[in-house]
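See structure below.
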Amino acid sequence: MNSETDVIIVLGTRPEIIKLSPVIQACERREIDYSIIHTGQHYSDSLDSVFFEQLELPTPEHHLGVGSGTHGEQTADMLVGVEQIICEEEPEVVLVQGDTNSVLAGALATSKLDIKLGHVEAGLRSFDREMPEETNRVVTDHVADYLFAPTEKSKESLLEEGISEAQITVTGNTVVDALYRNRELAEQKSTVLDDLGLVEGEFFLMTAHRAENVDDEERFDNLLAGVSNAAKQYGSEVVYPIHPRAESSLGEFDITVPDNIRLVEPQDYLDFLRLESAAKLILTDSGGVQEEACVVGVPCVTMRDSTERPETVTVGANRLSGVDPENIMTSVISMLEANETWENPFGDGSAGQRILDEVVQTGQKVNL
């Protein structure tokens, strides 16, 4: 494959936009012919467009506008659209990132054609098959030609499943590339702390959107109670940029949000990055936020029973609490009282370049 070869990049959610931005920017620098398929898996076109603008990315050539639906409906609609575009453009490689339905659709469509598939962030495992994301990432890994593992741990998981070492490249995680590039920009440009009346280091930041948490009334209620109690222990307000799914559940279940949890609108990338960097503690059920907290050096509590980012726990940046209020309290105290620093396990910020080195084979492949 040479530098003239077409690359198609499939994405559909805001975390994918962020994590694939270093790959897109590397394509631009190296003048590689590429195009972007946006499935539209996230519902807010306006917020998506802000992400592209802030990250200085070109407008996607293709937008499927799939939106919400059941897993089957979403994946089927995306599969049809992605396959049609791939057949028209005939690239030599398609790149997908992560574990969403957009990733699964891109992987399945590509794997049935004579086109190479690259999986960015390969080898992540929660070992919880009740998570639809686990199915998506496992299937994608096993049909991919190039597996870009962010860490040695994820490489080990792939090898244990019988995937050839020749297909695996440890690249680091592109989230580090994005954070290194944009953290300073967020400090300079974002006014979110002033807008929300927040003082750096004196508030908790929370995200909760996973179906197993917010679609279950008892779990969601317990989660909110646990976070509220832990924040009271430290006299801190909780800022919660609320996901549409979670907001809908609050209304459906008629849940009263505790007074010290402030609901705010979903934030654009630079504002959310500023909130992450300025928080005293982050509570989340998001995989990507676990990584980002680890990289920016803010203690994290993950309100889940498992994580596909075990490196964050190993280095001391993160602790699993589930949604039991007492466990949330214990985990928050543990993270804040430890007062530790840790080494970022996700690479040096050159993952996007390493990925292109492998698929385009121009220049020497760089090792971590």
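Listing for the model above:
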quantity: Residues (in a helix (DSSP H, G or I) and either in contact with a strand residue (DSSP E or B) (Cβ under 9 Å, 6 or more places away or on another chain) or crowded, with 19+ Cβ neighbours inside 10 Å (or both)) located in segment 202-218; calculated: Asn213, Val214
quantity: Residue within segment 153-170 that is among the basic types (Lys, Arg), modelled with pLDDT under 95 and more than 18 Å from the chain's Cα centre (by Cα) present; calculated: no
quantity: Ala122 vs. criteria part of a loop (DSSP other than H, G, I, E, B), under 18 Å from Ile355 (Cα atoms) and not basic (Lys, Arg); calculated: yes
quantity: Selected residue [at pLDDT below 95, within 21 Å of the chain's Cα centre (by Cα) and not hydrophobic (A, V, I, L, M, F, W, C)] from Gly347, Gly352, Gly287; calculated: Gly287
quantity: Count of residues meeting criterion [closer than 16 Å to Arg181 by Cα and at pLDDT below 90] in segment 14-51; calculated: 1
quantity: Residue check, Ala225 in contact (Cβ under 8 Å) with a residue 60 or more places away in the chain and within 23 Å of the chain's Cα centre (by Cα); calculated: no
quantity: Residue match in segment 83-97 (condition: over 17 Å from Ser35 (Cβ atoms) and either part of a helix (DSSP H, G or I) or at pLDDT 95 or above (or both)); calculated: no
quantity: Condition met for Leu198 (assigned to a loop (DSSP other than H, G, I, E, B) and either outside the structural domain of Gly106 (by TED's automatic domain parsing) or touching a Phe, Trp or Tyr at 6+ places or on another chain (Cβ under 9 Å) (or both)); calculated: yes
quantity: Residue in segment 308-329 that is of a type outside the set (Lys, Arg), touching a helix residue (DSSP H, G or I) at 6+ places or on another chain (Cβ under 9 Å), without any contact (Cβ under 8 Å) to a residue 24 or more places away in the chain and in a strand (DSSP E or B) present; calculated: yes
quantity: Conditions (1) closer than 30 Å to Ala278 by Cβ; (2) in a helix (DSSP H, G or I); (3) in contact with a Leu (Cβ under 8 Å, 6 or more places away or on another chain): number failed by Val139; calculated: (1)
quantity: Condition met for Ile85 (in contact with a His (Cβ under 7 Å, 6 or more places away or on another chain), β-branched (Val, Ile, Thr) and outside the structural domain of Arg304 (by TED's automatic domain parsing)); calculated: yes
quantity: Some residue of segment 272-286 being among the β-branched types (Val, Ile, Thr) and crowded, with 22+ Cβ neighbours inside 10 Å; calculated: yes
quantity: Selection count where residues are more than 25 Å from Glu212 (Cβ to Cβ) and either part of a helix (DSSP H, G or I) or touching a helix residue (DSSP H, G or I) at 6+ places or on another chain (Cβ under 6 Å) (or both), scope segment 271-298; calculated: 7
quantity: In segment 99-125, residue farthest from Ile85 (Cα to Cα) [restricted to those that are touching a Ser or Thr at 6+ places or on another chain (Cβ under 6 Å) and among the small types (Gly, Ala, Ser)]; calculated: Gly123
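The values are calculated or read from the model by the stated rules, or taken from the named source; none is laboratory data. Everything quoted here is computed from the prediction, not taken from an experiment. We place every Cβ from the backbone using ideal geometry, glycine too, and count neighbours over all the protein chains shown.
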